[in-house]
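Beneath this line is the structure, given in structure tokens, with notes to follow.
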Amino acid sequence: MVVGKPVERVDAFDKVTGRAKYTADMFPENALIAKVLHSTIANGMVISFDLNDALKVPGVVKILTCFDVPDIQYPTPGHPWSTEKKHQDIADRKLLNTHVRFYGDDIAVVIAETELAAKRALDLIQVKYEEQKAVFTVADAMAPGAPLIHDEKPGNVIVHSNYEFGSFDSAITEQGLIKVEGTYHTQQVQHCHIENASSFAYMEGDRITVVSSTQIPHIVRRICTQALGCSFGSIRIIKPYIGGGFGNKQDALTEPLNAWLTTQVGGRCVGLFYTREETFVCTRTRHAMDFDITTYVRPDGSFAARRIVAYSNQGAYASHAHALVANAVNAFRMMYPVGAIKGDAYTVYTNIQTAGAMRAYGIPQIGFALEAHIDDIAARLKADRIALRQKNMMQLGYVDPGTTITCHSTGLQQCIDKGRKFIHWDEKAKQYEHQTGSVRHGIGMAIFCYKTGVYPISLETSACRMVLNQDGTVQLQMGATEIGQGADTVFSQMCADTVGIPLESVHVISTQDTDITPYDTGAYASRQTYVCGMAVKKTGLSLKRKILEFAAFMLHKDVSDLDLKDSWIVHTVSNEKLIALSDVAMEACYSLTNSHHIAAEETHHCSDNTYSFGACFADIDVDIPLCKIHVNNIINVHDSGTIINPLLATGQVHGGMSMGLGYGLLEQMLYDPKTGRTLDDNMLDYKLMTASDTPELNVQFVEPSDPTGPFGNKALGEPPVIPVAPAIRNALLNATGVAVDSIPLSPEHLFFEFKKAGLIK
Amino acid sequence: MDKQKITFTLNHEKREEYIDPRASLSEVLRGEFSLTSVKHGCNVGECGACTVLIDGETFNSCIYLAIWADGKDVLTLEGLSDVNGNISDIQQAFIDEGAIQCGFCTPGFIMSSLPIIESPRTFTRDEIRKQISGNFCRCTGYETIVNAIEKTANSRHKAK
């Protein structure tokens, strides 16, 4: 069996030799290049263009503007489409926009023979705007008299949702309750996958092919059909290896425009490769969110009633819109179940860069706010921080009243125990009491829960195909995508074990091609090993049954007496090797009397969900005069059920921790408050973690087998990012007594906090 | 613009090529020589995905003019495998340690690790981290990359 083993990545060799091909590596020679002209105002209308000088640049083939594109508004987020109108994504942008809604909006395109010609022409295009007042914050966008960003949404509020379970108002009348309030803010950050948004498109016959760096090829196909107003069959999306996505590529980025551009030049191949600066400004970001949290606590530390109001800054276009903050306020409810709970969430248009999906989909935001708040409660009650969590956190069998998602398994308590032991919590807690001096030490921790996939919001669908080769090896085709997380490897492991062949006999087809690949919605929501793993299992069993049926025919035996193990047909009882799988496969293909193409394809509908859990423990130094945090020791402990591949799973946790450290300590998108122009749209000014900034990352797992996962597994890819920032914030509180309620905890931010607290002058 | 001739060593072979004098080395390596291990992540020398060795030193080839390579010895990731396709110890270590995820930054990191593993001196983990800080990785948190480099450096030292 290879499930559970730390086998090496199936794509490792190609990736260490440079053979792995990414979108730009496949771009044909002599194809055309497109460059987008982005607006230099944040809100207003494009009145006219002067293209005369630009068109004179040698090599320019065509310039298309917002006045040329189809009059169709389309949605971009990588959600499964809903056939119910009220659940459909918001269609609020055109391929190029006349109404400009952020500094960097797409307003025109140059298609040229070379990149240089395209860039020169861009510089020569003159644009006349009618500028309007822009708003960059949720408060300004919701204020009376704020400019209207989208005609369809008066007041700029895209959605205001709310819930109440139990009676909040009566619960808070209980005698002796202590009320703890807090306001927390999380900042806008960017995914920073190393491969920028990239695609190229061409036509074959009257069909359009788009080769793209996407997490969601089948969804991007649907979005292209909507944007262009064409049929599903006329669009083909090909996804090669991709250089990271982290949710940004769970959105249609360059693809719809690129698909249209090729149709404007007679089907010639056109490449649309975003620069790093464009990827920062013109793709997606993680929403900045504000949270007002109130908790009514009994003197014994148990929660009586909880309340949250959340505001999410959507930026210029809806993209995934309210789904993220809705996810956040739901997780607020799930993590600490209580008899009375009330939540409100607002998603608001503003004139900043569009926010979308990013690793853990709203949960890093609420994770910071909620876990900071829990430590604030502990400080107020002078209660033990860990005991307070243990008293109130989700337990096995919990059924969320809002979503009905059930806690089928939990190792959260063991996660806490392991992390506590690793970081020497109890000794350090004593050691770090009553500190003075300019460098102080602190320990902090945070926990989280994370659901797996999106059911019941959508019925998760995943298909898989397996084809038996004449040598007994198997081609494995998934609609689910490899985006660096190791999906191809774990699917191969699952296939090997289910069919009964060694891992080397599985050939996974990494490229998705919507003409060929079975349907799947793609990589997001940490869904693939859970949802698509079940499709692999189902298909593997189906393939195995077909192989055994043919073997039974060959051997004149009853199929129920046969099994397939390690590429041999064996007798179920005696385990006697009867015939090699390769002999069966050859006969099946070339039999003169009964030839069969042995293949299987199955679709899995996932109609369940389950929670992953975990905890981060951090031990830090705080240099007060320098306003600098140094992480001495840090560990994430995860319950993601059974681990399919410990080598790859550990890597996922490392990456998430690093992203969480960047989120907590350094990263922040900044814009000019006058114009809305992004100030740090590059990797020098935007402070991404380097190897030197990153401490040694420690990882442990607890592995309760989840009854709903195909191999006892549950979500893993996204969760590691969640608990890191709050654990560090809580360690900072422990070290200095200063409760900082917004991130990043960068020196320039801490300076003001320490000053306010009187720690520095 | 008129092309200019450069003569240089590329992955152990003498090459002559007529190139646009405005072109960056990374553009020439990708475009003229199809060496697609050389990746573009920023085009301004921030991310390190285009790292190659020039006369044994690491450079961001996206901000190095191709004409400057005249007379020099350029090594890309493709030059690390032998003629039969066998990979080097550092590439194998990246596989074994799980130092690869999306793989886009991997060629640049392997190139940046060469001066470390080829150095006669021993680097601490912190020093390795500093040496590779010109390369960004968003997937691995660098932990396994440092492991792979440290392991290869140690085994080379032992072999000496």
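The values are calculated or read from the model by the stated rules, or taken from the named source; none is laboratory data. No experiment lies behind these values; they were computed from the predicted model shown. Note that each Cβ is placed from the backbone with ideal geometry, even for glycine, and that neighbours are counted across all protein chains shown. For the accessible areas, the whole protein counts, side chains as well, though only heavy atoms, and no ligand, DNA or RNA atoms are used. Shrake-Rupley method; radii C 1.70, N 1.55, O 1.52, S 1.80 Å.
Does A:ASP488 meet the test of being of a type in the set (D, E, K, R) and in contact with a Leu (Cβ under 9 Å, 6 or more places away or on another chain)?
Yes: the conditions hold for A:ASP488.
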Taking segment B:18-57 and the residues there that are open to solvent by 40 Å² or more (accessible area, probe 1.4 Å) and away from chain A (no Cβ under 14 Å), the one that is nearest to A:ASP680 (Cα to Cα) would be B:GLU57
Within segment A:410-445, residues among the aromatic types (Phe, Trp, Tyr) and open to solvent by less than 50 Å² (accessible area, probe 1.4 Å) come out as A:TRP425, A:TYR432
message = Going by what's in this entry, would A:ALA321 be described as surrounded by 22 or more Cβ atoms within 10 Å (Cβ to Cβ) and part of a strand (DSSP E or B)?
response = no
Filter segment A:240-275 for residues that are charged (D, E, K, R) and surrounded by 24 or more Cβ atoms within 10 Å (Cβ to Cβ); the one that is nearest to A:MET203 (Cα to Cα) is A:GLU255
Residue count, segment A:5-20, condition touching an Asp or Glu at 6+ places or on another chain (Cβ under 8 Å) and more than 8 Å from every other protein chain (Cβ to nearest Cβ), comes to 1
Within segment A:684-699, of all residues that are touching a residue at least 40 places away in the same chain (Cβ under 8 Å) and more than 21 Å from A:ALA615 (Cβ to Cβ), the one farthest from the other protein chains (Cβ to nearest Cβ) is A:LYS687
Exactly one of A:LEU745, A:LEU732, A:LEU688, A:LEU684 is part of a loop (DSSP other than H, G, I, E, B), in the same structural domain as A:ASN633 (by TED's automatic domain parsing), among the hydrophobic types (A, V, I, L, M, F, W, C) and touching a strand residue (DSSP E or B) at 6+ places or on another chain (Cβ under 7 Å), and that residue is A:LEU745
### Task
Look at A:PHE617 and say whether it is touching a Ser or Thr at 6+ places or on another chain (Cβ under 8 Å), buried (at least 16 other Cβ atoms within 10 Å of the Cβ), outside any loop (DSSP other than H, G, I, E, B) and at negative phi.
no
One residue is enough: does segment A:94-105 have a residue meeting the conditions free of Cβ contacts under 8 Å to residues at least 60 places away in the same chain, open to solvent by 50 Å² or more (accessible area, probe 1.4 Å) and either touching a helix residue (DSSP H, G or I) at 6+ places or on another chain (Cβ under 7 Å) or within 24 Å of A:MET669 (Cα to Cα) (or both)? no
Report yes if A:ALA600 is crowded, with 16+ Cβ neighbours inside 10 Å and either more than 30 Å from A:VAL721 (Cα to Cα) or not assigned by TED's automatic domain parsing to the domain that holds A:HIS408 (or both), otherwise no.
yes
By residue number, the members of segment B:1-11 that are open to solvent by 30 Å² or more (accessible area, probe 1.4 Å), of a type outside the set (A, V, I, L, M, F, W, C) and assigned to a loop (DSSP other than H, G, I, E, B) are B:ASP2, B:LYS3
Picked from segment B:71-101 (must be without any contact (Cβ under 8 Å) to a residue 12 or more places away in the chain and of a type in the set (Gly, Ala, Ser)), the residue nearest to the other protein chains (Cβ to nearest Cβ) is B:SER81
Out of (1) among the acidic types (Asp, Glu); (2) buried (at least 22 other Cβ atoms within 10 Å of the Cβ); (3) part of a loop (DSSP other than H, G, I, E, B), the one A:ASP300 does not meet is (2)
Scanning segment A:634-671 for residues that are closer than 26 Å to A:ILE760 by Cβ and either within 14 Å of chain B (Cβ to nearest Cβ) or crowded, with 24+ Cβ neighbours inside 10 Å (or both) gives A:ILE634, A:LEU661, A:GLY662, A:TYR663, A:GLY664, A:LEU665, A:LEU666, A:GLU667
Expected single match for surrounded by 24 or more Cβ atoms within 10 Å (Cβ to Cβ), closer than 15 Å to A:ASP290 by Cβ and either outside the structural domain of A:ALA42 (by TED's automatic domain parsing) or modelled with pLDDT under 95 (or both) among A:GLN353, A:GLN365 is A:GLN365
A:ILE90 vs (1) under 30 Å from A:GLN126 (Cα atoms); (2) open to solvent by 20 Å² or more (accessible area, probe 1.4 Å); (3) among the aliphatic types (A, V, I, L, M): all pass except (1)
Check whether at least one residue in segment B:101-114 is in the same structural domain as B:THR152 (by TED's automatic domain parsing), over 25 Å from A:LYS687 (Cα atoms), open to solvent by less than 50 Å² (accessible area, probe 1.4 Å) and modelled with pLDDT of 95 or more, and report yes or no. yes
Of the candidates B:ILE63, B:ILE67, B:ILE87, the one satisfying the condition of being open to solvent by 10 Å² or more (accessible area, probe 1.4 Å), farther than 21 Å from B:TYR142 by Cβ and in contact with a Pro (Cβ under 7 Å, 6 or more places away or on another chain) is B:ILE67
Restricting segment A:21-74 to residues that are in a helix (DSSP H, G or I) and within 14 Å of another protein chain (Cβ to nearest Cβ), the one least open to solvent (accessible area, probe 1.4 Å) turns out to be A:THR23
**Request:** Please tell me if A:LYS674 is within 30 Å of A:ASN730 (Cα to Cα), modelled with pLDDT of 95 or more and away from chain B (no Cβ under 14 Å).
**Result:** no
- Restrict the check to segment A:568-576 and report whether at least one residue is among the charged types (D, E, K, R), surrounded by fewer than 16 Cβ atoms within 10 Å (Cβ to Cβ) and over 44 Å from the mean Cα position of the chain (by Cα). yes
query: Hey, does segment A:221-233 have a residue that's open to solvent by less than 10 Å² (accessible area, probe 1.4 Å), over 30 Å from A:VAL325 (Cβ atoms) and under 21 Å from the mean Cα position of the chain (by Cα)?
result: no
Matching residues in segment A:130-148 (assigned to a loop (DSSP other than H, G, I, E, B) and either within 18 Å of A:VAL309 (Cβ to Cβ) or open to solvent by 50 Å² or more (accessible area, probe 1.4 Å) (or both)) number 7
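Filter segment B:102-139 down to the residues that are part of a loop (DSSP other than H, G, I, E, B) and either within 11 Å of another protein chain (Cβ to nearest Cβ) or under 26 Å from A:GLY484 (Cα atoms) (or both) and list them by number.
Hits for segment B:102-139 are B:CYS102, B:GLY103, B:PHE104, B:CYS105, B:ILE132, B:SER133, B:GLY134, B:ASN135, B:PHE136, B:CYS137, B:ARG138, B:CYS139.
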- Task: Determine whether segment B:48-66 contains at least one residue that is charged (D, E, K, R), in contact with a Phe, Trp or Tyr (Cβ under 7 Å, 6 or more places away or on another chain) and modelled with pLDDT of 95 or more.
- Result: no
